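K.L.:
Below: one structure in structure tokens.
The values are calculated or read from the model by the stated rules, or taken from the named source; none is laboratory data. Just so we're clear, the structure is a prediction, and the values are computed from it rather than from any experiment. Because the Cβ atoms are built from the backbone with ideal geometry, glycine has one as well, and the counts that use them run over all protein chains shown. Note: areas computed on protein heavy atoms with side chains; ligands, DNA, RNA excluded. Shrake-Rupley method; radii C 1.70, N 1.55, O 1.52, S 1.80 Å.
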Amino acid sequence: MATSTGRDVAPATSTGRDPAAALASLTGRMRAGGRERGKIILLQMSAVLVVLALWALIAAAGLVSSTALPSPGAVFAEFPGLVSSGAYWQAVADTLRGAVTGFAAAVVIGVPLGLATGTYAAAEQSSRLLVDILRSFPVIALLPVFLLVMGSTPSMKATVVFIACVFPVFLQAQYGARAVTPMIAETVHSYRIPRLLSFRKVVLPSATPSIMTGLRLAATTSVLVAIGVEVLTTLPGIGHQVVQDQQGGASAEAYAYILTAGLIGYSINQLSQLFESRLLRWRPPAHTD
């Protein structure tokens, strides 16, 4: 006759692991990840504080004139007045309008052309020389030509931004379309999968990470180029305000606009990374083993 041992047997899981142990392991990994992120943020903030301290020391020691390099306190003291003024937000809006217009046009034209030339080898080979020649021209160096042809207009600024952004978008989309592995391409060819279906299910998912990289680079470039055009022309925006303040002796306000431009670029980059991580959630993490 079988006897009872008086011990309860824990229910087995499909993976053979204790649920409590699995939960404890997951919690430990989350805590470790949180501590690692906290260390990274601490290091980043420390670097910012070091730069601000050096800036303050240089300004206090008088190594550089206050006109050329005002103190951090004087610069940050300008922000309450600027933020409460309409001219500040109008300058930011003018810069973003030109940047967004040129960037959007670059995306609409660059992504389809990049995917098309990357999918068809003959199209990529025939356009390579032309693309290499066109993208080698410095955009700012071509600014006098655009001023003669289009004048100092907002459309000219958007056109310059478009030319600066379209090549990174185009080349990254082309590279992504060519990133399909030969084995997958041979499988698609062997099963005679329709071109449209293979584009949607094979080429586009393969190219999306590269496309997002190009969009992130082009987004930050668009703001920088828009500000550069404003500095060199009379077009309104952050760049024009920097020149006006420097000429008027308001160097602290000029630096406040410069910091605003940096904050806009940083915000665009962070938003792009967040959007990319959400869009590419399906992609498995890269291993470095």
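K.L.:
How about region 117-227: which helices (runs of 4 or more DSSP H) wholly inside it have at least 1 residues that are at pLDDT below 90, open to solvent by less than 70 Å² (accessible area, probe 1.4 Å) and not hydrophobic (A, V, I, L, M, F, W, C)? I'd like the intermediate steps shown before the answer.
P.N.:
Working: elements: 121-134, 143-150, 154-177, 182-190, 195-198.
Here the list reads 121-134, 154-177, 182-190, 195-198.
Table: residues versus (1) over 18 Å from residue 109 (Cα atoms); (2) among the basic types (Lys, Arg).
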| position | (1), (2) |
| --- | --- |
| 201 | yes, yes |
| 204 | no, no |
| 210 | no, no |
| 214 | no, no |
| 217 | no, no |
| 222 | no, no |
| 226 | yes, no |
| 237 | yes, no |
| 246 | yes, no |
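K.L.:
Moving on. Restrict the check to region 86-94 and report whether at least one residue is over 26 Å from the mean Cα position of the chain (by Cα) and under 28 Å from residue 221 (Cα atoms).
P.N.:
Here is the first cut: in region 86-94, the residues over 26 Å from the mean Cα position of the chain (by Cα) are 86-87.
When the remaining residues are screened for being under 28 Å from residue 221 (Cα atoms), the result is 86-87.
Yes, the conditions are met somewhere in region 86-94.
K.L.:
Could I ask something else about it? Looking only at region 275-288, decide whether some residue is without any contact (Cβ under 8 Å) to a residue 60 or more places away in the chain, open to solvent by less than 30 Å² (accessible area, probe 1.4 Å) and over 30 Å from residue 86 (Cα atoms).
P.N.:
No - not one qualifying residue is present in region 275-288.
K.L.:
When the residues of region 42-67 are narrowed to those that are farther than 20 Å from residue 259 by Cβ and not small (Gly, Ala, Ser), which ends up modelled with the lowest pLDDT? Break it down into steps so the answer makes sense when it comes.
P.N.:
Let us first name the residues in region 42-67 that are farther than 20 Å from residue 259 by Cβ, namely 42-43, 61-63.
So of that shortlist, the ones also not small (Gly, Ala, Ser) come out as 42-43, 63.
Values: 42: 90, 43: 90, 63: 86.
It comes out as 63.
K.L.:
Could you please find all residues in region 76-94 being part of a helix (DSSP H, G or I), closer than 15 Å to residue 253 by Cβ and open to solvent by less than 50 Å² (accessible area, probe 1.4 Å)?
P.N.:
Those that are part of a helix (DSSP H, G or I), closer than 15 Å to residue 253 by Cβ and open to solvent by less than 50 Å² (accessible area, probe 1.4 Å): 79, 81, 82, 88, 91, 92.
K.L.:
Return a yes/no flag: does region 186-209 have any residue that is aromatic (Phe, Trp, Tyr) and without any contact (Cβ under 8 Å) to a residue 24 or more places away in the chain. Before you say what the answer is, go through the steps one by one.
P.N.:
Looking only at region 186-209, we keep the residues that are aromatic (Phe, Trp, Tyr), and these are 191, 199.
Adding the requirement that they be without any contact (Cβ under 8 Å) to a residue 24 or more places away in the chain leaves 191.
Yes: one or more hits.
K.L.:
Among the listed residues 7, 17, 31, identify the single one that is farther than 30 Å from residue 255 by Cα and either modelled with pLDDT of 85 or more or assigned to a helix (DSSP H, G or I) (or both). Walk me through it before giving the result.
P.N.:
Working: 7 fails: either modelled with pLDDT of 85 or more or assigned to a helix (DSSP H, G or I) (or both); 17 fails: either modelled with pLDDT of 85 or more or assigned to a helix (DSSP H, G or I) (or both).
Going through 7, 17, 31 in turn, just one is farther than 30 Å from residue 255 by Cα and either modelled with pLDDT of 85 or more or assigned to a helix (DSSP H, G or I) (or both): 31.
K.L.:
Evaluate region 59-75: report whether one residue or more is without any contact (Cβ under 8 Å) to a residue 12 or more places away in the chain, in a helix (DSSP H, G or I) and more than 23 Å from the chain's Cα centre (by Cα). Lay out the reasoning, then the answer.
P.N.:
Our first condition is that a residue be without any contact (Cβ under 8 Å) to a residue 12 or more places away in the chain; within region 59-75, this holds for 60-65.
Next, only the ones that are in a helix (DSSP H, G or I) stay: 60-61.
In the following step, the residues that additionally are more than 23 Å from the chain's Cα centre (by Cα) were identified as 60-61.
Yes: region 59-75 contains one or more residues that are without any contact (Cβ under 8 Å) to a residue 12 or more places away in the chain, in a helix (DSSP H, G or I) and more than 23 Å from the chain's Cα centre (by Cα).
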